[in-house]
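The values are calculated or read from the model by the stated rules, or taken from the named source; none is laboratory data. From a predicted model like this one, the values you see are computed outputs, not experimental measurements. Positions of Cβ are backbone-derived with ideal geometry, glycine not excepted, and every protein chain shown enters the neighbour counts. Calculation scope for accessible area: heavy atoms of the full protein, side chains included, ligands and nucleic acids excluded. Shrake-Rupley method; radii C 1.70, N 1.55, O 1.52, S 1.80 Å.
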Amino acid sequence: MPRGHADRNARRYQQYTGIGHQAALRQLQDRAPGNRPIPTAEGAQQLLEGLVFQHLKGDVDYFAHPVGITSVLPATGSLTLTLDASSTRHGHTLAAHAIEGLLPVELPASERSEDDPEIIGVQGIRVLRATRTALHLTLVGTSASLILTSAGDTDWKTLLDTRHRELTDAGYRPCWGDPLFAEQERDFRAAHAKWCLATERSSWLSSGLLRRVGLLHEVGAAYCTRYWVTWDDWKFELRHDPGVQPPHDLLVDLLIHSWWGMPLSVDLRHCQCDASWADPRYDRECRLELSGPAGSSGTLQLRFRAMGTWCGSRDTYEDLLRAGAAPRWLGRVMPRHHGANAEANQEE
């Protein structure tokens, strides 16, 4: 392959996954001819990725990368997901948040009731192994593989051991090492069978989005991205600083690209970017709704919110700086604050 073509493909791969240019070159060189650059996960692998993405829970915290994910490395039967090391969620590292939110734990008898689930975390997720640098997850009874990593000095084994000790001391029973579904996991799945089925059927969508999550940072221009799920409907809200044009057409074009993207089609495109009535003091929102092939479950709604000038986002800019956001990215998503910050630093 000509060098120029290889570089262009590597840059595109970097856009989708967030990994570095040289790593992207190596990944594409190792790909068999004719195989898609971002392979599609199937079966249990697809479900594991979808469950992890759903339960990492995107919210309004401000991260160095949108939704706190630095990069992903997708393979046919595995996914490596790197979390921001410097960002925090409610005062905890994203690695600690992931362990708490993903790994299943049985409640003690004193905290059980007929109205509440008797287990927290994600039913069926298991820890294959934990090292200082990574946490290797699977689904019970399958060969699915997802590896959580984080840059910096994150020690996954210590975090896991600490979590296990604190839970057992408080009367909880961690079941992320059980070879089979625990009784409470089976009970939960039976009581919420419709929800579990909807999650499984729409996992093609959640897995595909996770495998292309780099687009939010490399192509998007939102300083804050949050997402939530209602049954099999995924919704993303991307907030843009005043004066920043939401690049929704480019982002969606890449997401539905015939070779790099997903089998999605646009069902609704409502744009207010150039609305003649728009008042710059107030928010505007462009909304796109997408769905998969006929008969598939799951829909995607993207809300591109352009914040009005009422929005005093200087504090948000400072939050992003503390979270470790790259200056180049800050210059793109919050140019008015970044320019002022650069000028202030020069004067000093």
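Taking segment 170-205, which residues are closer than 27 Å to GLY295 by Cβ, small (Gly, Ala, Ser) and open to solvent by 30 Å² or more (accessible area, probe 1.4 Å)?
ALA190, ALA193
Any residue in segment 24-38 that is under 30 Å from ALA182 (Cβ atoms) and surrounded by fewer than 22 Cβ atoms within 10 Å (Cβ to Cβ)?
First pass over segment 24-38, keeping only residues under 30 Å from ALA182 (Cβ atoms): none.
Scanning segment 24-38, I find no residue that is under 30 Å from ALA182 (Cβ atoms) and surrounded by fewer than 22 Cβ atoms within 10 Å (Cβ to Cβ), so the answer is no.
When LYS57 is evaluated against the numbered criteria (1) at pLDDT below 95; (2) crowded, with 19+ Cβ neighbours inside 10 Å; (3) under 11 Å from the mean Cα position of the chain (by Cα), which criterion, by number, is the only one it fails?
Among (1) at pLDDT below 95; (2) crowded, with 19+ Cβ neighbours inside 10 Å; (3) under 11 Å from the mean Cα position of the chain (by Cα), the lone unmet condition for LYS57 is (2).
Go over the candidates ARG226, ARG212 one by one and state the one that is crowded, with 16+ Cβ neighbours inside 10 Å, in a loop (DSSP other than H, G, I, E, B) and charged (D, E, K, R).
ARG212
Could you check segment 148-169 and list, in sequence order, the residues that are surrounded by 19 or more Cβ atoms within 10 Å (Cβ to Cβ) and not in a helix (DSSP H, G or I)?
Within segment 148-169, LEU148, THR149, SER150, THR154 qualify.
So which of ARG305, ARG336, ARG332, ARG287 ends up being more than 21 Å from the chain's Cα centre (by Cα) and open to solvent by 50 Å² or more (accessible area, probe 1.4 Å)?
One residue alone meets the criteria, ARG336.
Applying the selection to segment 8-23, what residues are of a type outside the set (Ser, Thr, Tyr) and either in contact with a helix residue (DSSP H, G or I) (Cβ under 9 Å, 6 or more places away or on another chain) or surrounded by 15 or more Cβ atoms within 10 Å (Cβ to Cβ) (or both)?
The first filter runs over segment 8-23 and keeps only residues of a type outside the set (Ser, Thr, Tyr), leaving 8-12, 14-15, 18-23.
If the condition is that a residue be of a type outside the set (Ser, Thr, Tyr) and either in contact with a helix residue (DSSP H, G or I) (Cβ under 9 Å, 6 or more places away or on another chain) or surrounded by 15 or more Cβ atoms within 10 Å (Cβ to Cβ) (or both), then ASN9, ALA10, ARG11, ARG12, GLN14, GLN15, GLY18, ILE19, GLY20, HIS21, GLN22, ALA23 are the ones that fit.
Filter segment 107-133 for residues that are buried (at least 18 other Cβ atoms within 10 Å of the Cβ), assigned to a strand (DSSP E or B) and not β-branched (Val, Ile, Thr) and give the result.
Across segment 107-133, the qualifying residues are ARG126, ALA130.
Run ARG287 past the list (1) closer than 17 Å to TYR223 by Cα; (2) touching a Leu at 6+ places or on another chain (Cβ under 9 Å) and report the number of the one that doesn't hold.
The one condition ARG287 does not meet is (1).
Please identify the pairs in which a residue from segment 4-33 that is over 15 Å from VAL72 (Cα atoms) has its Cβ atom under 9 Å from the Cβ atom of a residue that is open to solvent by 60 Å² or more (accessible area, probe 1.4 Å) and assigned to a helix (DSSP H, G or I), counting only partners at least 6 apart or on another chain.
From residues that are over 15 Å from VAL72 (Cα atoms), the pairs are ALA6/GLN29.
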